[in-house]
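Just so you know, all these numbers are worked out from the coordinates, no wet-lab data involved. Remember, it's a predicted structure, so these values are computed and weren't measured experimentally. Glycine gets a Cβ as well: all are built from the backbone with ideal geometry, and neighbour counts include every protein chain shown.
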Amino acid sequence: MKRMKYLGIPVLLLIASAGFAQEKVVADKIAGIVGDKIILKSELATAIADMQRNNNGQEVKGVDECTILDNMLIQKALVLQAEKDSLPVSDEEVEAEVDQRIRYFINLYGGKDAFEQIAQRTVYQAKMDFMAPIREQRQAEAMRKKIVQDVTVTPTEVKEFFDKIPENKRIFYESEMQLSQIVIYPKASHDIEELAIADLNEYKKQVESGQRKFELLAQLYSDDPGTKDKGGAIELNRNDSKMWDPTFFTTAFRLKEGQVSPVIKSKYGYHIIQMVSRNGDDALVRHILKIPAITQPEVDEAVQRLDSVRHDIMAGAVDFGQAVVKFSEDENAKSTAGQVMGRNGTTFLTIPDLDKDMVLLLKNDSLKPGQISKPEQFTDERGKKGVRIVKLISRSEPHRENLRDDYDRIAQRALDQKRSQVLEKWFMAKIPTFYIMIDPEFQNCSNLTKWQVSSSTAGN
């Protein structure tokens with residue numbers, strides 16, 4: 001039997017939501033039905049068009065109407081069973097996912113106005129369009145998790161899985177590292193902070209007197225590289241408070257149109273904010289950020305503090321994890337226990353995952369596994385100066401994967417395969433119990449054979 005190909009929830013979500021960003025140029029026609037769930041031909045067309053658009057107009061390898069329809073049928077079957085089993089999906093989690101998806105497209109298209117122009121509907125209308133497909137996506141994922149929740153793999157199964165991989169097909173890993181860090185950000189002196197506040201108060205005065213435009217001052221003087229060229233413009237939504245510094249966000253939404261805030265302090269520095277326009281929960285603001293300069297005495301003080309922390313760790317007075325919780329000012333430290341995360345979301349890092357200061361710190365294998373670096377100055381992705389100590393947890397040599405060094409990753413792949421087999425077995429048992437209809441246009445799709453067998457006997 002040919003194994004069922006299940007692309008997974010991210011692709012299903014793309015399929016479910018793709019149509020809103022494209023005009024439906026294909027007349028609606030039923031491509032397939034599972035139970036009372038209908039799939040339209042136009043949904044397949046818009047999904048493929050959206051995938052190609054996101055792939056710079058190029059064809060997406062291995063993804064065509066047959067593949068997409070198969071995945072849509074899979075999702076509909078999962079949803080039907082989730083409804084039968086009364087699996088809970090709350091309105092709150094659906095709305096949160098909708099808001100996240102809308103934010104993604106707004107950022108992708110370069111703002112709310114551009115989004116509404118491309119979507120040919122308002123943000124509110126787009127949110128309403130998203131509600132049903134995202135609820136289905138959540139239901140399908142809940143059902144899939146229920147089906148495979150008790151699936152585990154034993155060490156014997158992991159070895160059997162690995163032994164079946166031809167040696168020349170085993171993954172080759174570059175040198176990888178796992179790192180933890182404790183970060184301190186030096187604080188600017190009081191006098192320099194006062195200068196930044198004075199500058200912002202002067203900008204506020206110039207705007208309110210009509211002497212200069214806020215956006216021009218932002219372009220000239222703001223220390224925020226992300227908004228400087230846009231005149232300090234930021235689009236906010238009242239439901240996105242967790243994404244923003246609380247002081248900045250609260251201050252912005254207290255302003256009336258045209259009003260300029262007093263100087264406020266956020267975790268990034270000092271700001272003044274101007275409310276440009278407001279429409280319900282959406283707001284367009286401008287801001288000017290001033291980051292007080294850090295001088296060498298402040299850096300030296302931070303180095304001394306971290307040197308003392310390092311001494312206590314090496315003396316056994318505190319372990320590294322406890323010191324992360326107590327001393328680190330990295331905003332991600334609590335959720336990662338101080339470990340540095342790579343671009344792929346794992347703790348296994350290659351050289352491209354590291355900032356240039358970290359690369360210099362680790363050059364020539366000067367730091368051995370288990371060792372902690374001396375305090376070193378660095379500059380983060382926002383251009384902010386910091387000081388850190390780094391613990392090298394592990395470092396691997398470039399190698400072809402093996403059970404000794406890569407057991408956890410091999411075990412995860414073995415588990416994924418076993419879950420896929422359990423899911424496939426579940427579908428083979430369930431498909432005959434569903435009413436299935438597939439348009440004859442897709443009769444030559446080999447991956448739809450399992451559905452078409454049921455389709456030919458549906459209702460008998």
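Express the relative contact order of segment 190-290 as a whole percentage, based on alpha carbon pairs under 8 Å and six or more residues apart in sequence. All intermediate terms of the calculation are to be shown ahead of the outcome.
Numbers: 167 pairs, mean separation 30.3, N = 101.
Relative contact order here is 30 percent.
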Output ordering of 402-410, 415-423 (per-residue mean of other Cβ within 10 Å, highest first) is 415-423, 402-410
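So what is the relative contact order of the chain, in percent, for Cα pairs below 8 Å that sit 6 or more residues apart?
Values: 626 pairs, mean separation 90.2, N = 460.
Reported as a whole number, the value is 20 percent.
How high is the relative contact order of segment 69-185? Use alpha-carbon pairs under 8 Å, at least six apart in sequence, and give a whole percent.
It comes to 36 percent, rounded to a whole number.
Once every DSSP H run of n ≥ 4 in the chain is given -39500 (n - 2.57) and the sum is divided by its residues, what mean residue ellipticity at 222 nm do you get, rounded to the nearest 500 deg cm²/dmol? Present the calculation step by step, with values, prior to reporting the outcome.
Details: 16 runs with 217 residues, N = 460.
Here the helix-only value at 222 nm equals -15000 deg cm²/dmol.
With 22 Å as the limit, write out which pairs from 76/430; 187/290; 112/205; 204/242 have Cα-Cα distances beyond it, or answer none. Show your work: numbers first, answer last.
Working: 76/430 12 Å; 187/290 14 Å; 112/205 30 Å; 204/242 27 Å.
112/205; 204/242, as the Cα separations exceed 22 Å there.
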Out of all DSSP beta bridges with both ends in the chain, state the antiparallel percent to the nearest 5.
100 percent
Between helix 190-208 and the chain: long-axis angle, C-alpha atoms, 0 to 90°, nearest 10
70 degrees
Check residue 435: other-chain or 5+ apart residues with amide H under 5 Å from its amide H, H built from backbone geometry?
35
Under a 5 Å amide H to amide H cut-off, with H placed in plane at 1.01 Å, what residues pair with residue 31 once short-range neighbours are removed?
39, 40, 41
Under the rule a/c < 1.5 gives rounded, and otherwise a/b versus b/c splits prolate from oblate, where does segment 388-434 land using the Cα gyration tensor?
prolate
Match the structure shown to one of the listed values [x] 1.00; [y] 0.96; [z] 1.03 of Rg/Rh (Cα atoms, Kirkwood Rh), computed from it, and give that label.
[z]
Using the Cα gyration tensor of segment 105-207, with a ≥ b ≥ c the square roots of its eigenvalues, what is the shape: rounded (a/c below 1.5), prolate (a/b larger than b/c) or oblate (neither)?
oblate
What value does segment 190-290 have for Rg/Rh, both radii from Cα atoms and Rh as Kirkwood defines it?
0.94
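Taking a ≥ b ≥ c as the square roots of the eigenvalues of the Cα gyration tensor of segment 333-460, is the shape rounded (a/c under 1.5), prolate (a/b larger than b/c) or oblate?
Values: a/c = 3.93, a/b = 2.88, b/c = 1.37.
Prolate, since a/c reaches 1.5 and a/b exceeds b/c.
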At what distance in angstrom do the alpha carbon centres of segment 285-349 and segment 169-247 lie from each other?
19 Å
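What value in Å³ per residue do you get for the convex hull of the alpha-carbon atoms in segment 169-233? Write out the running numbers ahead of the final one.
Details: hull volume 10.5 nm³, N = 65.
So the per-residue Cα hull volume is 162 Å³.
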